[in-house]
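Here's the structure we're looking at; comments come further down.
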Amino acid sequence: MKEITLSDMHGIQIGHAQDEEHATGCTVILCPEGAVAGVDVRGGGPATRETDLLNPKNMVQKIHAVMLSGGSAFGLDAASGAMQYLEEKGYGFHLANHCIPIVCGASLFDLSVKDGSVRPDKEMGYKACIASEKNTFKNGCYGAGTGASVGKLLGDTYAMKSGQGMYGIQSQDLQVCAVVAVNACGNVRDVESGEWLAGVYKDKKIVDPLQLFDQISNSNANLPQGNTTIGCIITNAKLDKSQCNKIASIAHNGYAQAIFPVHTMSDGDTIFVLSTNEVEAMSDAVGVLATHAMGKAINKAVLSSQECYGLPSTNSIKGAIKDEK
């Protein structure tokens, strides 16, 4: 097996745009020729677009893009930029003399990082599509991960910086790649060692969430709002809509391996799956690789992020620990 990126996969473009001053952005995954898709929403507070049509009982069999964005529900507007871009290029379903692209999407909450007055919109979504023509991706504080943070069980005061991440793997001809923007209420741990990488940062250390629940579990209050991890699995395996939906469900195991707690009522955790339908493959093999890739992508998101917006990062606290020694 070898590590890959989306640039190694046929028929897929990825790009992102961001407003660093206002701590928000969006990341688009384009499949201009269409891809079979599925979705699974596990969090209690999602902001999503066009997820109903991914139900196998519904008519549409392929979509043309997934837009991941900040901005909470406002950020869903970024998908309109992808609609415009795809229509101009002639990609979509041709009905009644119109080209109609299908763009699904999900947004995370980053409105509290700065003043929240600027959110991903149609213009930013269009810019992300233009950027996808170069098919490049940056891990860390870019795109949908620009304003992302983790470890918010005690509120934003003790949170740490996160971002977006990508990890892909190839087994013979089968390719599976994960893209994710990590904005979790919970902590993030290394999927291999179990070590906390980022999370509630208090008294110069990352606090174990279980210790915190020992203090807050009897409270009638809800967990702090404003979270959500959103991601997408892209594969060249031949899958139908039902299988894509099942793979999306399985890939949430990657969330669970890397994030704790996960899928809370204050998260809107969502995973899409895109299949370019090129290679015969065991669907369970796709699920296993998707879980692995998603966990590794989440780790990359926090390990690549830098301290900004008043939030420490994994890199900055490691530097502080090193200096103290």
Q) With the contact rule set at Cα under 8 Å and sequence spacing of 6 or more, what percent relative contact order holds for segment 127-265? A) 24 percent
Q. If you place +1 on the Cβ of every Lys and Arg, -1 on the Cβ of every Asp and Glu, and leave all else neutral, what size is the dipole of segment 84-202 about its Cα centre, to the nearest 20 Debye?
A. 260 debye
Q: Please report, as a whole percent, how much of the solvent-accessible surface of segment 175-321 comes from carbon and sulfur atoms (probe radius 1.4 Å).
A: 48 percent
(Q) Let me confirm the definition first: pairs of Lys residues in segment 67-170, 8 or more apart or on different chains, C-alpha distance under 17 Å. How many are there? (A) 8
Q) Normalised by the residues of segment 12-134, what does the relative contact order come to in percent, with Cα pairs under 8 Å and at least six apart? A) 37 percent
Q) To one decimal place, what Kirkwood hydrodynamic radius in Å is obtained for segment 157-226 from all pairs of distinct Cα atoms? A) 14.6 Å
Q) At a Förster radius of 22 Å, what calculated FRET efficiency corresponds to the Cβ-Cβ distance of Glu87 and Asn58, to the nearest 0.05? A) 0.50
Q: At a Cα cut-off below 16 Å, give the lysines reachable from Lys238, other chains included and same-chain residues fewer than 8 away excluded.
A: Lys62, Lys246
Q: Compute the Kirkwood hydrodynamic radius of segment 106-206, taking the inverse of the mean of 1/r over all pairs of distinct Cα atoms, and give it in Å to one decimal.
A: 15.4 Å
Q.
Probe of 1.4 angstrom, ligands and nucleic acids ignored: what's the accessible area per residue over the chain, in square angstrom?
A. 42 Å²
Q. Among the helices of the chain (complete DSSP H runs), which have Cα atoms covering no less than 20 Å along the helix axis and a Kyte-Doolittle mean of at least 0.0?
A. 283-303
Q: For an R0 of 25 angstrom, estimate the FRET efficiency from the Cβ-Cβ distance between Glu3 and Lys205 and round to the nearest 0.05.
A: 0.20
Q) What are the residues whose amide H is under 5 Å from the amide H of Phe93, where those residues sit 5 or more places off or on another chain and H is modelled from the backbone? A) Ile100, Ile102
Q. When we measure straight from the Cα of Lys2, which aspartates and glutamates land under 16 angstrom away, once same-chain ones fewer than 8 places off are left out?
A. Asp173
Q. Tell me, how many Å apart are the Cα centres for segment 137-210 and for segment 103-131?
A. 19 Å
(Q) Explain nothing, just the number: relative contact order of the chain, from Cα pairs under 8 Å at least 6 residues apart, as a whole percent. (A) 23 percent
Q | Among (1) 21.0; (2) 19.2; (3) 20.2, the entry that matches Kirkwood radius over Cα pairs in Å as calculated here | A | (2)
Q: May I ask you to list the GluC sites (Glu not before Pro) in segment 42-147 that are in a DSSP loop and have at most 16 other Cβ atoms within 10 Å of their Cβ?
A: Glu133
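The values are calculated or read from the model by the stated rules, or taken from the named source; none is laboratory data. Since this is a predicted model, take the numbers as computed values, not measurements. Every residue, glycine among them, receives a Cβ derived from its backbone with ideal geometry; neighbour counts consider all protein chains shown. The protein model used for the area step is the full one, side chains on, heavy atoms only, and it has no ligands, DNA or RNA in it. Shrake-Rupley method; radii C 1.70, N 1.55, O 1.52, S 1.80 Å.
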